[in-house]
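Step one of this worksheet: look at the structure below.
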Amino acid sequence: MQRLATKILEEMAGLPEGVPVSAKGLLHLGSRAAVDQALSRLARRGQLMRAGRGLYVRPVETRFGKRPPSAEQMVQAFAGSKGETIASHGAAAANALGLTTQVPVRAVYLTSGPSRRLKLGEQTIELRHAPGWQLAMAGRPAGEAIRALAWLGEAHAGEAIRALRLRLPASALEEVASARPRLPTWLAQQVSRLVVNA
């Protein structure tokens, strides 16, 4: 069993920070039961961190000790491994674009997959299922703008549109405007102001 644990650690050492591994991804090293047991033991010893049901990540070694991988890297690696689209929540997008001074307390992301929670040490990462239009242009400024506007709501969207005109390049504004057919009516009407007043 110790040899299997060593093989798992060696395999995970070659992965970038935050890449999650499940027992299914390690079946080439041993039987499902043996891999499950080895992963569980490694987590109890602190050599791996349990991020969710059957999901493990390697802690990052620093000169100050071990720390969890960054939430952003973990979420992006998780999205890639699951084939999901994951994007920042509207509150985080609004803060990043300077549309609000509120700093999100919890790490919340929108996903095309099912809603669930991941753990990174003491931090909980919440993945919330969202409609496709909210995941449009994930990772791009135009997508961040759409999620920020949706989170701010109809009452504050007009003011936010004026601020976005000053903060985003023309190409990103055109991208936001091109997404109008997929947006809810109230948001499409607000975004239309980018084109009319350009």
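The values are calculated or read from the model by the stated rules, or taken from the named source; none is laboratory data. Remember, it's a predicted structure, so these values are computed and weren't measured experimentally. Because the Cβ atoms are built from the backbone with ideal geometry, glycine has one as well, and the counts that use them run over all protein chains shown.
Annotations
- Within segment 1-101, strands (runs of 3 or more DSSP E) holding 2 or more residues that are under 19 Å from Glu144 (Cα atoms): 86-88
- Residue count for segment 92-106 satisfying the condition of being surrounded by 20 or more Cβ atoms within 10 Å (Cβ to Cβ) and in contact with a strand residue (DSSP E or B) (Cβ under 9 Å, 6 or more places away or on another chain): 2.
To keep it simple, each residue is scored yes or no on (1) under 20 Å from Met74 (Cα atoms); (2) among the hydrophobic types (A, V, I, L, M, F, W, C); (3) in contact with a Lys or Arg (Cβ under 7 Å, 6 or more places away or on another chain).
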site: Leu99; (1), (2), (3): no, yes, no
site: Ser112; (1), (2), (3): yes, no, no
site: Ser115; (1), (2), (3): yes, no, yes
site: Glu122; (1), (2), (3): yes, no, no
site: Arg128; (1), (2), (3): yes, no, no
site: Ala142; (1), (2), (3): no, yes, no
site: Ala148; (1), (2), (3): no, yes, no
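- Looking at Val21, Val75, Val35, just one residue is buried (at least 20 other Cβ atoms within 10 Å of the Cβ), under 12 Å from Leu120 (Cα atoms) and at pLDDT 85 or above, and that residue is Val75.
- For segment 1-18, filtered to residues that are over 24 Å from the mean Cα position of the chain (by Cα) and among the hydrophobic types (A, V, I, L, M, F, W, C), the residue that is modelled with the lowest pLDDT is Met1.
- Of everything in segment 106-156 that is among the β-branched types (Val, Ile, Thr) and within 15 Å of the chain's Cα centre (by Cα), the residue that is nearest to Ser88 (Cα to Cα) is Val108.
- One residue from Arg140, Arg162, Arg128 being surrounded by fewer than 21 Cβ atoms within 10 Å (Cβ to Cβ) and more than 20 Å from Leu173 (Cα to Cα): Arg128
- Residue selected from segment 45-70 under the condition in contact with a Gly (Cβ under 8 Å, 6 or more places away or on another chain) and not polar (S, T, N, Q), by the criterion surrounded by the most Cβ atoms within 10 Å (Cβ to Cβ): Val57
- Verdict on Gln123 being touching a helix residue (DSSP H, G or I) at 6+ places or on another chain (Cβ under 8 Å) and at negative phi: yes
- Cross-chain or 6+ apart pairs with Cβ under 6 Å, segment 111-133 first and of a type outside the set (Phe, Trp, Tyr) and modelled with pLDDT of 90 or more, then surrounded by 14 or more Cβ atoms within 10 Å (Cβ to Cβ) and in a loop (DSSP other than H, G, I, E, B): Thr111/Glu84; Ser112/Glu84; Ser112/Thr85; Gly113/Glu84
- Test: Ala138 is modelled with pLDDT of 90 or more and not in a strand (DSSP E or B): no
- Number of positions in segment 165-186 that are buried (at least 20 other Cβ atoms within 10 Å of the Cβ) and part of a helix (DSSP H, G or I): 2
- Test for Leu152: is it closer than 16 Å to Leu97 by Cβ and either modelled with pLDDT of 90 or more or surrounded by fewer than 18 Cβ atoms within 10 Å (Cβ to Cβ) (or both): yes
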